[in-house]
1. Using each residue's phi in the stretch A:261-266, evaluate 6.51 cos²θ - 1.76 cosθ + 1.60 at θ = phi - 60° and report the 3J(HN,Hα) Karplus result to the nearest Hz, with x for Gly and Pro.
2. Taking amide H atoms as placed 1.01 Å from N in the peptide plane, list the residues 5 or more away in sequence, or in a different chain, whose amide H sits under 5 Å from that of B:Y93.
3. With Rg and the Kirkwood Rh both taken from Cα atoms, where does Rg over Rh land for the stretch B:19-125?
4. Which shape class, rounded, prolate or oblate, goes with the stretch A:58-217 when its Cα gyration tensor gives a ≥ b ≥ c as root eigenvalues, a/c under 1.5 marks rounded, and past that a/b bigger than b/c marks prolate?
5. Run down the aspartates and glutamates and flag those whose C-alpha is under 16 Å from the C-alpha of A:K142, throwing out any fewer than 8 positions away in its chain.
6. About the Cα centre of the stretch A:12-171, how large is the charge dipole given +1 on each Lys and Arg Cβ and -1 on each Asp and Glu Cβ? Please answer in debye to the nearest 20.
7. Within the stretch B:2-65, how many Lys pairs sit with Cα atoms under 14 Å apart, leaving out pairs fewer than 8 places apart on the same chain?
8. Determine the shape class of chain A: with a ≥ b ≥ c the square roots of the Cα gyration tensor eigenvalues, call it rounded for a/c under 1.5, and otherwise prolate if a/b is greater than b/c, oblate otherwise.
Amino acid sequence: MYKLSKKEIIEIQNKRLRAIIKYAYENSPFYRRKFSKIDIDSIRTKEDLKKIPFTTKDDVRENYPLGLLAVDFSKIIRFHASSGTTGNPTVVAYTKKDLENWTELCARCLELVGVTSNDVVQIAYGYGLFTGGLGFHYGAEKIGAKVIPTSTGNTKRQIKLMKDLGTTVICCTPSYGLYLAETAKEENIDPKKDLKLRIGVFGAEPWSENTRKKLEENFVENAYDIYGMAELTGPGVAIECKYKNGLHVWEDYFIVEIIDPNTGEVLEPGEKGEMVITTLMKEAMPFIRYRTRDITILEDDQCDCGLDHARIMRILGRTDDMLKIRGICVFPSQIEEVILKTNGLSPHYQIIADREGVMDKLIVRVEVAENFKTDKLTDVVMLQRKLEEELKDSLGIDTIVELVEPKKIPRSEGKAQRIIDLRKMKGLL
Amino acid sequence: MKQLSVFLENRPGRLANLLKILEENKIKLLAMGIAEAGNYGIVRMIVDKFEKAIEVLRNANMAVNQADVIIIDLDRLTEVAKLFGELGINIDYAYSMNDNKIVLKVDNEENAIKILNNKGIKFIA
Ligand SMILES: [Zn+2]
């Protein structure tokens with residue numbers, strides 16, 4: 001049972017931590033090297049983890065494909081892989097026990113959001129090398145639900161099956177969820193009336209409260225965020241409960257630390273930083289102090305649902321995109337969210353960091369929409385002030401907003417050049 | 001009367017660019033007022049080819065809007081301002097036009113037109 005008290009969680013964590021550190025040291029040449037300067041018997045609690053160096057994406061890349069392996073090749077029964085942005089994919093291996101644990105985690109997640117054996121669960125995550133499809137598949141099967149393994153694509157058929165088989169739970173990416181809703185409407189099916197979708201479990205990409213609103217207004221009754229990644233077994237690491245106030249991490253399987261991505265210093269609960277995860281139960285490929293590059297906040301107080309497993313807040317962005325302004329971490333995603341909900345603006349913006357004397361300043365340059373009302377100058381000034389106020393509420397620092405004419409922000413194919421750090425260019429960082 | 005207004009950044013060359021587009025499309029400017037605050041400006045215009053002006057400015061990716069305004073003779077302004085004042089009609093802004101005329105934007109056009117008609121004051125709306 002996963003309903004553990006805080007005390008029980010800590011006891012299990014400490015016991016499993018000692019075991020996994022010893023196991024990794026004894027079975028993986030990679031970790032043996034990494035821990036060479038550490039007295040591994042001194043690692044007894046989460047606090048002691050600080051003594052251990054981080055494991056990074058670069059480690060995984062440099063040790064491609066199976067350098068982190070901690071079991072004999074004969075014990076492996078599955079591989080998955082996630083696409084790297086450059087070069088080699090990240091390959092992960094599973095033992096039988098790993099697959100059982102993964103199944104358990106995904107079953108817990110679905111159970112927590114209310115999925116039962118009576119549900120019809122349609123899984124529209126990709127099946128294959130990507131962990132999404134199979135992870136949810138195992139979890140839903142374990143619960144005894146009726147699984148429709150549609151995988152991705154063939155959107156019209158997805159909707160037909162949803163309608164004809166009475167799907168009650170949909171698992172897919174949030175963007176595909178929105179696309180399914182749109183396509184249903186084009187087929188003259190109103191998801192809220194003609195379909196029976198009680199629950200949507202959306203993951204594999206960061207999404208916002210605005211998207212939740214859209215999904216719940218147009219598609220499913222309740223939309224939940226789920227977190228995971230191939231290195232950490234796949235989906236199932238953390239999920240929102242019915243209170244939708246952060247994602248519960250299964251702390252008997254994972255230890256979460258939040259660090260300052262620049263200094264590596266461990267931060268307190270409530271502070272924003274990079275999530276570092278230690279897998280406590282992985283056999284084939286343990287990840288010890290793995291830097292996820294995902295930015296979030298850990299909340300350790302008890303949730304209204306009564307579960308003692310700590311929560312991480314929605315993923316705010318990747319460390320690659322982070323800016324530090326006057327000591328505070330700022331993410332483009334936070335700024336984007338404010339811009340998207342403000343009328344009169346286009347979704348095109350640029351963020352410019354600069355330093356005057358010793359003071360950092362943050363300029364947000366955003367295009368007005370072409371239909372922006374321009375009759376009165378006060379409207380323009382009000383819009384600017386409103387945006388500055390809302391950015392201050394959201395980021396906790398002062399920003400300077402510059403409204404620019406439509407189509408004045410340079411467009412680019414692929415990843416937009418949204419951040420300009422003049423401090424870097426001037427050699428001040 | 002329909003007025004055009006365009007949002008511009010308050011930078012050198014932006015106004016010239018706007019005027020160039022109008023000229024290239026043979027649109028004649030009859031009146032123009034500029035309001036600016038810090039980095040922004042709003043340019044308000046009366047032109048001879050209203051629909052065409054909207055089209056070319058939008059094609060040039062400008063944020064364009066329209067509003068109804070009233071045009072009166074400049075020498076009746078004192079009288080009109082007093083009348084409006086008495087009736088609680090506010091003049092949001094005004095700018096002068098060729099031919100000794102002035103463009104007024106009021107917050108209650110319907111009442112403004114009514115009173116101008118009643119008093120026999122010549123206007124274009
Ligand atoms: Zn909860």
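1. Karplus-based 3J(HN,Hα) across the stretch A:261-266 equals x, 7, 9, x, 5, 6 Hz.
2. B:K105
3. Values: Rg = 15.2 Å, Rh = 15.1 Å.
For the stretch B:19-125, the value is 1.01.
4. Details: a/c = 2.44, a/b = 1.72, b/c = 1.42.
Since a/c reaches 1.5 and a/b is larger than b/c, the shape of the stretch A:58-217 is classed as prolate.
5. Output for A:K142: A:D98, A:E100, A:E104, A:E111, A:D119.
6. Values: 25 positive and 16 negative charges, 24 e Å.
Charge dipole of the stretch A:12-171: 120 debye, to the nearest 20.
7. Details: B:K2/B:K49; B:K2/B:K52; B:K20/B:K28; B:K26/B:K49; B:K26/B:K52; B:K28/B:K49; B:K28/B:K52.
The result is 7.
8. Working: a/c = 1.88, a/b = 1.18, b/c = 1.59.
Taking the square roots of the gyration eigenvalues as a ≥ b ≥ c, chain A is oblate.
Every number in this text was worked out from the coordinates using simple rules, so none of it is lab data. Keep in mind that this is a model prediction, so the values were computed, not measured. All Cβ positions, glycine included, derive from the backbone under ideal geometry; neighbour counts span all protein chains shown.
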